[in-house]
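Q: The structure is given below, and queries will be raised subsequently.
The values are calculated or read from the model by the stated rules, or taken from the named source; none is laboratory data. Quantities reported herein were computed from a predicted structural model and do not represent experimental measurements. Cβ placement follows ideal geometry from the backbone for every residue including glycine, while neighbour counts extend to all protein chains displayed. Ligands, DNA and RNA are stripped out before the accessible areas are found, and what is left, the full protein with its side chains, is counted by its heavy atoms. Shrake-Rupley method; radii C 1.70, N 1.55, O 1.52, S 1.80 Å.
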Amino acid sequence: LNEECEKMVKTIPFAQNCYVLDLEGEVYYRNDPNKKIHDHDDREIIKKIKNNAVNYSQLDSEENAYHFFIPFKNHDGQVLGVIRIGVDSDIVATAISTMRRRIIISSFLFIFIAGIAVFALLTFSLMRPVRNLIDGISKIGKGQLDEKLKIKRDDEVGQIAMAFNKMLDDLKEKT
C-alpha cells in the first residue's frame with residue numbers, strides 16, 4: 001500500500017499528500033512523515049465509504065486541498081481501509097476560472113453573431129420593401145404612372161404599398 005500511495009502522489013497532478021488509514025481512522029502510512037494530518041474526523045467518511053463502497057471527496061479549507069478517499073478491499077470485497085489523497089484545490093479553482101472565462105467569451109460571441117443575424121434579417125425584410133417604395137415614388141415624380149409596387153405583405157409596409165398602388169390608380173383616372 002505504501003508503494004501504491006507513493007505512485008498516486010507522483011501520478012496525480014497537484015497531489016500534496018497520501019495517507020493509508022484503517023476503518024477506525026488510524027493512520028498507517030503517510031508519504032510525508034513530518035506532515036501531520038489535520039484534526040478533522042475521517043471516521044464518519046470512512047463509515048460512509050464502508051457502507052456504500054464509493055469514493056468520497058471533501059474540501060479542507062485549512063490545507064487548501066480536496067481529499068479523495070479510495071477504499072481498498074481484500075479478495076472477498078470487504079473494505080479494509082482507505083487511501084486518502086490530498087489534491088491542491090488551486091487546480092480546481094484554475095479549471096473553474098478557465099471554464100467561466102470560456103463561457104463568457106462564448107456567450108458574447110453568440111450574442112454578437114445573433115445580433116448580426118437579426119440585423120441582417122431586419123435589413124432584408126424591412127429595408128428592401130422601403131427601397132421599392134422609394135423607387136416607386138421616384139418614378140411617379142418622373143411621370144411614370146404605370147409602374148405598381150409588387151409588395152405582398154400583411155404588415156404596415158404592405159399597407160403602405162397598397163395605399164401607394166391605390167394612389168397610382170387614382171392619379172391615372174384623373175389624368
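Q: When only residues in region 80-95 that are touching a residue at least 40 places away in the same chain (Cβ under 8 Å) and in a helix (DSSP H, G or I) count, which is most open to solvent (accessible area, probe 1.4 Å)?
A: Among them, the one singled out is D90.
Q: Something else about it: Considering every residue within region 96-118, establish whether at least one is more than 40 Å from the chain's Cα centre (by Cα) and not in a loop (DSSP other than H, G, I, E, B).
A: no
Q: Separate question: All but one of (1) at pLDDT below 85; (2) open to solvent by less than 70 Å² (accessible area, probe 1.4 Å); (3) at negative phi hold for G77; which doesn't?
A: (3)
Q: Here's a follow-up. Is there a residue in region 138-150 that is touching a helix residue (DSSP H, G or I) at 6+ places or on another chain (Cβ under 6 Å), of a type in the set (K, R) and free of Cβ contacts under 8 Å to residues at least 40 places away in the same chain?
A: Taking every residue of region 138-150 in turn, at least one turns out to be touching a helix residue (DSSP H, G or I) at 6+ places or on another chain (Cβ under 6 Å), of a type in the set (K, R) and free of Cβ contacts under 8 Å to residues at least 40 places away in the same chain.
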